[in-house]
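Report on the following structure.
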Amino acid sequence: MTTSPAPSPAPGATATPAAARAPRGAGLRTARGRHKYQTVRAYLVDLIENELREGDAVPSERALTERFGISRMTVRQALEALVADGVLQREQGRGTFVAPRRIDFEMRLTTFAEDARRRGMIPGTRVLDAATVPAVPRVAEELALKEGDPVHRLERLRTADGEPMSLEVGWIPAHLVPGLLDDGVPESIYGALRSAGLAPTWGEDTFLAAEATDAEAALLELRGSRAVLRTRRRTYADVGAVMYSQACYRGDRYSVVVPLREPRPVIVPRPREQDEPADTAGRTSP
Amino acid sequence: MTVAQPRADAILDALGGVANVDEIDPCTTRLRSIVKDPSLVDPALLRAAGAFGVMISGRVVQVVVGPHADTVATDLADLM
């Protein structure tokens, strides 16, 4: 963490449209250029993480150029890379500012729309595909179905305040809600399940760090980092599994909060006499 | 139709009985058990006992029991 005071942004030192179009990586072909770029980038990242708040201005290009004794082009590239990563935001004629933080994400059995509204954002959905199809082996396994059993498959792009946030594919056993797609795709699948008396009561999420595929990056409008958070969710109601879904969240906008609690004590068998057969509850069946 | 709550006695049976169990660690929705001989574990029986999923990795057997994990764990402690 830096101990030197942050240079205040100089007025008028904003990006020109031409600068915004400068290709990333240009001018960094030498080791020296790479090193200077890394120095200013590391400085900015530290400043953003530890000293600035959302909406604060970062030092101007001129101030950074003077501070590090490097070319304006290198400074500009470092700033642009952070803009592309979603860490900084540029406002035409005003300067460069710290972008909204990642969305803290305590996994709960809520829908994307409920989550977004709770954060004061307006949720949106673009249905990319919706059809009733035979379950592939993985989906059949997750939903305790037989391979080929009919499932509703839904592919949706979820947005918050108009910005793409996640891509989600979900599968619902068709026999549980045969008419799910009859009147178009319901706005909320959990809502439709609740209406059908299949209220989701619990589930399990699995997380994987990953890089977006080209198709995902295009749909999520990722411009810089391709880091995404993949989730696999099994949703259960009293009757059993009601939905399996795979989602891909933008890595630059999400962080996951996992509530922790003290573990329950581990259960170990009580000591027994050596010759005593296992007790009645412990019969083995082979 | 409603899936019955997972039954502790049947789960213990499907794990190969108390004699086959080294320990059972109750998590929020799973029972993570360490067994002596994984070949004595019967995943189909575990499913029939009300498990929503079974993951076996070496001697570690994870049984997904859902929100009833606490109750099932209490019953298991009595049986073991």
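The values are calculated or read from the model by the stated rules, or taken from the named source; none is laboratory data. Since the structure is predicted, the reported quantities are computational estimates derived from the model, not experimental observations. Note that each Cβ is placed from the backbone with ideal geometry, even for glycine, and that neighbours are counted across all protein chains shown. Just so you know, the surface numbers come from the protein's heavy atoms only, side chains and all, with ligands and any DNA or RNA stripped out. Shrake-Rupley method; radii C 1.70, N 1.55, O 1.52, S 1.80 Å.
Take B:R47 and decide whether it is under 13 Å from B:H68 (Cα atoms) and at pLDDT 90 or above. No; evaluated as a whole, the condition is false for this residue. Under the condition of being acidic (D, E) and in contact with a strand residue (DSSP E or B) (Cβ under 8 Å, 6 or more places away or on another chain), the residues counted in region B:36-70 number 1.
Here A:L229 clears all of (1) exposed (fewer than 14 other Cβ atoms within 10 Å of the Cβ); (2) part of a strand (DSSP E or B) except the condition numbered (1). Scanning region B:5-61 for residues that are more than 9 Å from every other protein chain (Cβ to nearest Cβ), assigned to a loop (DSSP other than H, G, I, E, B) and open to solvent by 50 Å² or more (accessible area, probe 1.4 Å) turns up B:Q5, B:R7, B:K36, B:D37, B:G58, B:R59. Scanning region A:149-175 for residues that are in contact with a strand residue (DSSP E or B) (Cβ under 6 Å, 6 or more places away or on another chain) and open to solvent by 40 Å² or more (accessible area, probe 1.4 Å) yields A:P150, A:R153, A:E155.
Residues of region B:1-45 being without any contact (Cβ under 8 Å) to a residue 40 or more places away in the chain and among the β-branched types (V, I, T), which ones? Explain how you work it out, then say what you get.
Applying the first criterion (without any contact (Cβ under 8 Å) to a residue 40 or more places away in the chain) to region B:1-45 yields B:1-2, B:13-14, B:16-17, B:19-20, B:22-23, B:25, B:30, B:32-45.
If the condition is that a residue be without any contact (Cβ under 8 Å) to a residue 40 or more places away in the chain and among the β-branched types (V, I, T), then B:T2, B:I34, B:V35, B:V41 are the ones that fit.
If I ask for residues that are of a type outside the set (G, A, S) and surrounded by fewer than 16 Cβ atoms within 10 Å (Cβ to Cβ), which ones from region A:69-87 would you list? Scanning region A:69-87 gives a single hit, A:R72.
Within region B:62-72, can one find any residue that is open to solvent by 40 Å² or more (accessible area, probe 1.4 Å) and among the hydrophobic types (A, V, I, L, M, F, W, C)?
Of all residues in region B:62-72, those open to solvent by 40 Å² or more (accessible area, probe 1.4 Å) come to B:62, B:67-68, B:70-71.
Cutting the leftovers down to among the hydrophobic types (A, V, I, L, M, F, W, C) gives us none.
No.
If you go through region A:72-90 and keep only what is within 13 Å of A:P100 (Cα to Cα) and of a type in the set (S, T, N, Q), you end up with just A:Q89. Counting only residues that are buried (at least 18 other Cβ atoms within 10 Å of the Cβ) and assigned to a loop (DSSP other than H, G, I, E, B), region A:179-195 holds 2 of them. A single member of B:D9, B:D70, B:D13 is more than 10 Å from the chain's Cα centre (by Cα) and charged (D, E, K, R), and it is B:D70.
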